[in-house]
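Engineer: My questions all concern the structure below.
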Amino acid sequence: MALSGRVPLLLLLGLVPVVARPSLSTVWLWVLLVLLLVLVDWFTAPRPTTLTLSRGPVGTVRLGHPTETVLVASNDGRRRIHALVRDSWQPTAGATANRHRLHLAAGDRTLLRTPLLPRRRGDLQAVGVTVRIRGPLGLASRQRTRVVSGAVRSLPPFESRKHLPSRLARLRDLDGRSAVRLRGQGTEFDSLREYVRGDDVRSIDWRASARNRNVVVRTWQPERDRRVVLVLDTSRTSAGRVDDVPRLDSAMDAALLLAALAARAGDRIDFIAGDRRVRSRVRSAGARDVAATLQEKMADLEPVIAEADWAALAGAVTGLGRQRALVVLLTPLEPSAVEEGLLPVLPALTRHHRVVLASVKDPALERLAAGRDTVDDVYDAAAAEQVLARRRRTGDLLRAIGVDVVDTDADRLPPALADHYLSLKARGLL
């Protein structure tokens, strides 16, 4: 039972008979009269079971983008229904305007739309639908909460998609439209053309030149069908927040942009995510919709408060095949975690693959290092300088063993990683 605001007003109205006949019995009689009216109103109110509720599928949506859920409400009873319906979702689903007033005649139906704005990745569930049907007098209502299943799948937002057109334009310049002049590892024969001053004489095709009146040289283009292995670290270091965004989400954004770009370049994408064990795996995704596939796999990933087992993750990379690949490690450049866990397994990877470490740098460190106004600022600056120096030393150590390091801010990491991939492809180093 739910009481409306009319009940206390009706009780206050009892002051009139109390003033006319000031006695305790008058008070009790008025209270009993109000109670009787409330019980009669509640008893004559339609039952909530006469309102049939069903929900259509919500589907998927990118994190931070609006969507809506639709409830179908049908009056299966013989009486008109005046009801209030509340469509409840878990808080991170961002349900707003989820209270709906219904006035349905017998046999009618209507659609109840509730806007959703997800604030967390993964499957966000509906909690329940509360139906409150008031009686003819509007004093009391029958109320019941029912389970109407529903879920919205929230995917990573892929905000770096805006950088894809410009990188695809650069890729078209590399991929067949302008062949490279020098042959290197990772290049294949493209076509023949006449010799021009500045061409490498080692590229002259003497047999073709003998059949032609002019000297002819071979041109080369970056090879297609290369392998790109994305390794996403979901350990405790990825749980840190940079400008109120988890490092894991920023790493996902960079991985999605690189995967979309590499798929357009004709390369095959493998994906591994894990910490102490492998949490998700995608084998040889080379289709145009590789970003959508990876978004589905990334939706349920959350940081695990444990150290990463890089030996297990490196074994998973090796298990994908011995063919040379570009292995991109998306993990924070934290000196202690890298030196103790990652560094011992890197020689085995660099022996067979081209390895790139992509890390999100915290701009707050540079802001602290620049402060000199007060004594506290000086101490903060000294601590920040020490951290930055350790990061630089760790980066130099990784480069010394053949690992490329891309360490920049969260907003600039996706385009920087994509540019590094294009640079490697242009030089034939994949």
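Engineer: Given the options Leu168, Leu39, Leu51, which has the most mean-square fluctuation in a GNM of the chain, springs set between C-alpha atoms less than 10 angstrom apart?
Structural biologist: Residue with maximal mean-square fluctuation among Leu168, Leu39, Leu51: Leu39.
Engineer: Next question, about the same structure. Only four residue types carry charge here, +1 at the Cβ of Lys and Arg and -1 at the Cβ of Asp and Glu. Report the dipole size of the chain about the Cα centre in Debye, rounded to the nearest 20. The partial results should precede the final answer.
Structural biologist: Details: 67 positive and 47 negative charges, 385 e Å.
Taking the Cα centre of the chain as origin, the dipole is about 1860 debye.
Engineer: If you roll a 1.4 Å probe over the chain with all protein chains in place, what percent of the accessible area is carbon or sulfur?
Structural biologist: 54
Engineer: Which percent of Cα pairs goes in each bin when the distances of the range 24-119 are cut into 5 angstrom slices starting at zero?
Structural biologist: 2, 12, 17, 15, 12, 11, 9, 8, 6, 4, 2, 1, 0
Engineer: Could I ask something else about it? Name the residue from Thr96, Val378, Leu71 whose Cα lies farthest towards the positive end of the charge dipole of the chain, charges +1 on Cβ of Lys and Arg and -1 on Cβ of Asp and Glu.
Structural biologist: Leu71
Engineer: Under the definition of Cα pairs under 8 Å and six or more residues apart, what whole-number percent is the relative contact order of the range 31-79?
Structural biologist: Numbers: 34 pairs, mean separation 18.9, N = 49.
Averaging sequence separation for qualifying contacts and normalising by length gives 39 percent for the range 31-79.
Engineer: Additional query: When the dipole is taken about the Cα centre of the range 329-402, and only Lys, Arg (+1) and Asp, Glu (-1) are charged at their Cβ, what size is it in debye, to the nearest 20? Intermediate values should be presented prior to the final figure.
Structural biologist: Details: 10 positive and 11 negative charges, 117 e Å.
Charge dipole, the range 329-402, about its Cα centre: 560 debye, nearest 20.
Engineer: Right, another one. Which value, in debye to the nearest 20, describes the size of the charge dipole of the range 285-430 about its Cα centre when Lys and Arg Cβ atoms bear +1, Asp and Glu Cβ atoms bear -1, and nothing else is charged? Please report the intermediate quantities before stating the final value.
Structural biologist: Details: 17 positive and 22 negative charges, 224 e Å.
Roughly 1080 debye for the range 285-430.
Engineer: Separate question: Using only alpha carbon pairs under 8 Å that are at least six residues apart, calculate the relative contact order of the chain and give it in whole percent. Don't skip to the answer; put the middle values down first.
Structural biologist: Details: 867 pairs, mean separation 55.3, N = 430.
With pairs under 8 Å counted, the relative contact order is 13 percent.
Engineer: Kindly report the accessible area of the range 69-169 per residue (heavy atoms of protein chains, probe 1.4 Å, no ligands, DNA or RNA), in Å².
Structural biologist: Values: 4980 Å² over 101 residues.
Value for the range 69-169: 49 Å² per residue.
Engineer: In the chain, which whole DSSP H runs stretch at least 15 Å along their own axis (Cα) and average 0.5 or higher on the Kyte-Doolittle scale? Walk me through the intermediate numbers first.
Structural biologist: Working: long enough: 24-44 (30 Å, 2.18); 247-264 (26 Å, 0.93); 375-400 (38 Å, -0.43); 413-426 (19 Å, 0.34).
Passing helices, by number: 24-44, 247-264.
The values are calculated or read from the model by the stated rules, or taken from the named source; none is laboratory data. Every value quoted in this text rests on a predicted model; they were computed, and no experiment measured them. No Cβ is skipped: glycine too gets one built from the backbone with ideal geometry, and neighbour counts run over all protein chains shown. What goes into the accessible areas is simple: the full protein's heavy atoms, side chains included, and nothing from ligands, DNA or RNA. Shrake-Rupley method; radii C 1.70, N 1.55, O 1.52, S 1.80 Å.
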